[in-house]
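Report on the following structure.
The values are calculated or read from the model by the stated rules, or taken from the named source; none is laboratory data. Model, not experiment: these values are computed from the prediction. Glycine also receives a Cβ, built like all others from the backbone with ideal geometry; neighbour counts cover every protein chain displayed.
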């Protein structure tokens with residue numbers, strides 16, 4: 001009598017993840033992120049709010065002041081939880097591919113310092129400072145919001161491009177050391 005041992009066969013999801021880890025990461029990221037983003041849009045619509053840059057800033061200020069109604073808090077919270085989709089996908093796939101050893105290695109890499117602390121401070125503080133400056137310009141500017149939103153969007157792309165260049169330079173410096 002032949003008995004099929006399922007435990008000896010490779011698992012389909014494990015094989016798929018090993019063969020196509022980047023595709024699995026992108027798909028899993030969308031599967032995690034989009035439901036939160038779509039749900040937050042419905043919640044925001046029912047609460048009568050939008051998620052523009054100015055509105056997000058105002059929601060955040062109201063949240064810090066403790067003056068955010070529950071329906072807006074829910075929409076704002078669901079929207080922000082959805083932004084962690086890539087991190088969640090990375091942890092899930094690392095666990096699926098490498099188990100506890102992979103997760104331990106991932107955690108160790110996240111806290112390993114390879115450059116002087118000032119570079120980490122610059123990398124963390126510069127986007128925050130630029131965002132705050134952009135918000136300040138947005139609220140103080142006499143220009144129409146429509147025109148200014150295009151300037152802010154273009155500045156955002158330049159900031160992201162600068163971040164990519166900074167990461168590339170940092171990687172090159174690490175390799176030279």
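Identify the single condition in (1) closer than 21 Å to residue 37 by Cβ; (2) surrounded by 15 or more Cβ atoms within 10 Å (Cβ to Cβ) that residue 83 does not satisfy, given that it satisfies every other one.
Looking at each condition in turn, residue 83 falls short on (2).
Okay, residues lined up against (1) without any contact (Cβ under 8 Å) to a residue 12 or more places away in the chain; (2) more than 30 Å from residue 20 (Cα to Cα); (3) surrounded by 11 or more Cβ atoms within 10 Å (Cβ to Cβ):
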{"residue": "112", "(1), (2), (3)": "yes, no, no"}
{"residue": "121", "(1), (2), (3)": "yes, yes, no"}
{"residue": "126", "(1), (2), (3)": "yes, yes, yes"}
{"residue": "130", "(1), (2), (3)": "no, yes, yes"}
{"residue": "134", "(1), (2), (3)": "no, yes, yes"}
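Take the conditions closer than 30 Å to residue 25 by Cβ, modelled with pLDDT of 90 or more and touching a helix residue (DSSP H, G or I) at 6+ places or on another chain (Cβ under 6 Å) and apply them to residue 88. Does it pass?
yes
Let's see how each residue does on (1) over 30 Å from residue 58 (Cα atoms); (2) in the same structural domain as residue 18 (by TED's automatic domain parsing); (3) out of contact with any helix residue (DSSP H, G or I) (no Cβ under 9 Å at 6 or more places or on another chain):
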position	(1), (2), (3)
97	yes, yes, no
106	yes, yes, no
118	yes, no, yes
122	no, no, no
125	no, no, yes
129	no, no, yes
